[in-house]
Every structure is written in structure tokens, then in C-alpha cells.
Amino acid sequence: MSLKAEPEWAGKVVRCPGCNTKLQIPENIGGTPPAADAPSPGAAPSYSSSAPLPDAAPPPPVGGGLDSFVQRPERLGWKESDPTNPNGYLSFAIGVVLTIAWFGIVYPFQAPAAKAVAEYSSMETIANVFFKHFLISFINTMFFFWAAAILYLKLGKLKHQREALFLDVLPAELGREINGQNVGSFIDHLYNMPVRLRDSLMVNRIRKALELFEVRQNTPDVGSMMSSQSSIDGARIGGSYIMLKAFLWAIPLMGFIGTVIGLSHAIGGMSFANMDDVSAIVGSISAVTSGLGTAFDATLLGLVLAVFLNFPMNALAKNEDEMLNEIDAFCNEVLLPRLNDGAGAGGGDVAAIADSVMRGLAGAQKEFLVDLNELSKRMNEYASNLDKRSDAFQQVVTKEFINNTTQMRTEMQESLKDSLKVVTQYMGALETGVRGLNTVLKELGEKQILVQQVKKKGWFGRD
């Protein structure tokens, strides 16, 4: 098996992506003059690994004639694994284990109930955010770690695809151009690669292109097929993010649900029945403010988790797009120019060549229009579904807000009515007392009070 190496890696020790063996790259990696069948000076140099490669298929029988053709095993390809979608059960199990472990870590840091919020430490604040709305926080955390597990497994698949890019899938030793006589040797070279590395997007696409060229001997058909395969690979990678986008949408929504539940509990705890007890009123207001703080903590947790999930997801999507672009560039810049179907040989029928070119262009244009229509349809469906989900979410939030506002307004009106009734009774009693006092004062003003002094007799009976 041959691997490609850049000139700046000369003299360094690297690991073989096929067998994980350490290899020493030669010092003169690009200094030897090219042989007769070597690639052009602009091509990337290569080196060969002499270490045994696991899972390598046995080489085809050597020899010529009909016997060797009959002994060659039929090429049926190999079972292609999913290049981008990880195992759903494995990612779910990892997410659940990480969630339980996280709650076990923050559980000892919960602040006592009697401790003031201003005295919380940083770890106590984080722990209380997770344990105030335990059910909502547990679901949100599980969604986050589930999505993180999917991203981690997808990163491993991306690493595998990038390792396959180092394979020298079209060695120059087999020929500078690929034609009907030597295309079988190139296909056999692909089948002799390690199973782990040949099961990749790049090798699978090149294998399908070479097998089509072996049958059809038509370069435009191969180019059209590779363009369609590129669209299929892009759609598969894009579809692998549907679950992650669902998590990214559900995490803040669960936070909003926790906020609505907290608001409902806080408003339900308001009680102004006993207006004479000021301490009871202050306690009710304190309970409401505490409930509001707990409610908004659920939204805070959902938004923070969504932010931490958004950036790695987009970074991984960007890397996968770049990997697809590298595969497309290799197929268009290396594979297609080396294909020779004999259409450019001299002495051919110019009309037939022109007709073949026109048919190839027409077929390519038709495939492009079909793919464009399909892409437009998918984009319209996605936009429509996104609008529907946004409208439904807005309706739910609006309905809950109106219901809670109406309930709060009704309770406030009832409380104000009770307070007004008590005040009215007090004012009536005060008015009755004032009127009675006025009556007494009026009666006293109309009467005269005579004060008569009684003379006392002395010791001897005289005044």
C-alpha cells in the first residue's frame, strides 16, 4: 500500500493509518528524478509501507490468458458502513452515563436552604441551578450530553475519513493514464487495501467511478456519476445533523417550559387574604420573588447549554464540508484528467465525437437540473417545517403568557377588592364614631353646667 506525504514531512516519523505502525519518511522524498511512469513534478510524492497490513485481501492471480481471467474473483464491492451517522443507542447510553455522573458531581455542592443567595459560592450557585427544577434540568442536561456524544462519535468518523485521504489510491506505477486496458489493475489495487481504510467516502467513490469506467468506457458518464455521488454524500452528511438540530431547538424550549412552570408556582403562591398581618404580606412577596428567580434559572441553563452545543456542532459541520470539498477536488483534478476513453485519438469520426460530447453535456445538464429541483424542494420543505415549528412555539408561549397574565390579574383584582372592602368597613366605623362624638359635643354645648361650692364649717361652727 502506498501513502502520500507532503515534502515538509521528509525525515519525520509518522503512524500508518492502515496498521498504526510507526514509519520513517525518507529524507529524499522529493529529490529523486521521476521515472518514466512517475507522476508529474506537481504531484504529491509517495512512499510505500513494508509493514504487514491487516484485513488485506489476497492479491489477484498472476498470469495471462483465459485461465487467469476465470480465476479472478468477481468484484462485488464491499459493505459500506455509514460514514457520518454514529450508533444512536451508543450515543444515548453515553449521554445518560455522563448526565448521571454530572449530577453526582454537583450534588454535594448544594447550598443549605437557610443560606442566603448572596452568600453562595460559585459551585453552590451552579449546583442550585441544576437542582431547582430537577426534572427540567435533568432532561436538558441529558439532551446536551447526548448531543455531545453524537458530536464525539462523528468526530471519530471524520478522523477516519481524513486518514483515508492519505491513501495513494491511483498509484503512478500502474500507469500515468487510466484506460480500458489497465483500469482493472487500479480497481484491484483498491480491493487490496485494508478494509478499515478502503471503507471510506473517497475510496468508495473512486471505486464506483473506476468500475463504471470499466463497463461504459465513457469519461462524461463517470463525471456525471461522481457529481451525483457527491450530492448524495453531502445529503447524508447534512441529514446526520437533524438530531443535533432537534436537540439545539429542544434545549432552550425546555428552559422556557421550566420558566413558565416556575412563574405559575410563584403566582399561585401569592396570598393577600390577611391584610392586617404585614409580616404575612412581606413573606408572600418574598416567596414570589424567590419563585421568579428559580423560574428564570431554568431559562438560563437552557440558553447556556444551547450556546455550548452550537459552536462545536457548526465547527464539525464545517470540517465535514471541507473534507467533501477535498474529495471533490481530487476526483475533478486528479481522477478525471487521467481517464482516457479513446475519444481524443486522431482519425476518429468528428461528428460522432461531437455527438458524444453533446449527449454528455445534455445528460450532465439534465442531472444538474434534477438535482437542483430536488434540492429546492428539500429547502422549501425545510423552510416550511421551520416556519410551522416556529409558529407553534410562538403560539404555545403566547397562550401560556396570556393565561398566566390573566390569572395574575384576576387574583390581583380579588385581592384589591378584599382590601377595599376592609378599608371601607374601617372608614364606616370611623365615620359612625365621629358622628357620635359630634352629637355628644353638640348636646354639651346646649347645656349649662353650674358648679356650686359648699362652704365648710370651722371648729367652732363659724364660717
If amide H atoms are modeled at 1.01 Å from N in the peptide plane, then the residues at a separation of 5 or more from residue 178, or on another chain, having amide H under 5 Å from its own are 339, 340
Applied in sequence order to region 309-321, the curve 6.51 cos²θ - 1.76 cosθ + 1.60 (Karplus, θ = phi - 60°) yields integer Hz couplings, x standing for Gly and Pro, of 8, 5, 5, x, 5, 5, 5, 5, 4, 5, 5, 5, 5
Log10 I(q)/I(0) at q = 0.20, 0.25, 0.31 Å⁻¹ for region 146-189, from Debye over equal alpha-carbon scatterers, is -0.68, -0.84, -1.01
Checked against the positive end of the charge dipole of region 95-219 (+1 on Cβ of Lys and Arg, -1 on Cβ of Asp and Glu, about the Cα centre), the farthest of 200, 210, 97 is 97
About its Cα centre, region 133-217 carries a charge dipole, from +1 on Lys and Arg Cβ atoms and -1 on Asp and Glu Cβ atoms, whose size in debye to the nearest 20 is 340 debye
Dimensionless Rg/Rh of region 163-209, both radii on Cα and Rh by Kirkwood, sits at 0.94
SASA check, residue 321, accessible area w/ 1.4 Å probe, all protein chains in place, rounded to nearest 10 Å², comes out at 80 Å²
With x for Gly and Pro, the residue-by-residue ³J(HN,Hα) of region 388-403, computed from phi through the Karplus equation 6.51 cos²θ - 1.76 cosθ + 1.60 at θ = phi - 60° and given in whole Hz, is 4, 5, 5, 5, 4, 5, 5, 5, 5, 5, 4, 4, 5, 5, 5, 4
Per-residue accessible area, 1.4 Å probe, largest first, puts 142, 408 in the order 408, 142
For region 117-234, the percent of all C-alpha pairs falling in each 10 Å bin, from 0 up to the bin holding the max distance, is 11, 27, 21, 11, 11, 10, 8, 2, 0
From the cross-link list 157/318; 318/377; 421/442, the entries with a Cα-Cα span beyond 26 Å are 421/442
For region 360-442, the per residue accessible area (1.4 Å probe, Å²) is 85 Å²
Per DSSP, the loop-located GluC sites (Glu not before Pro) within region 127-234 having at most 13 other beta carbons within 10 Å are 177
Restricting to Cα pairs under 8 Å and 6 or more apart, the percent relative contact order of region 154-216 works out to 40 percent
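The values are calculated or read from the model by the stated rules, or taken from the named source; none is laboratory data. Every value quoted in this text rests on a predicted model; they were computed, and no experiment measured them. With ideal geometry, Cβ positions are generated from the backbone for all residues, glycine too; neighbour counts draw on all protein chains shown. Surface areas here come from the heavy atoms of the whole protein model, side chains and all, with no ligands, DNA or RNA. Shrake-Rupley method; radii C 1.70, N 1.55, O 1.52, S 1.80 Å.
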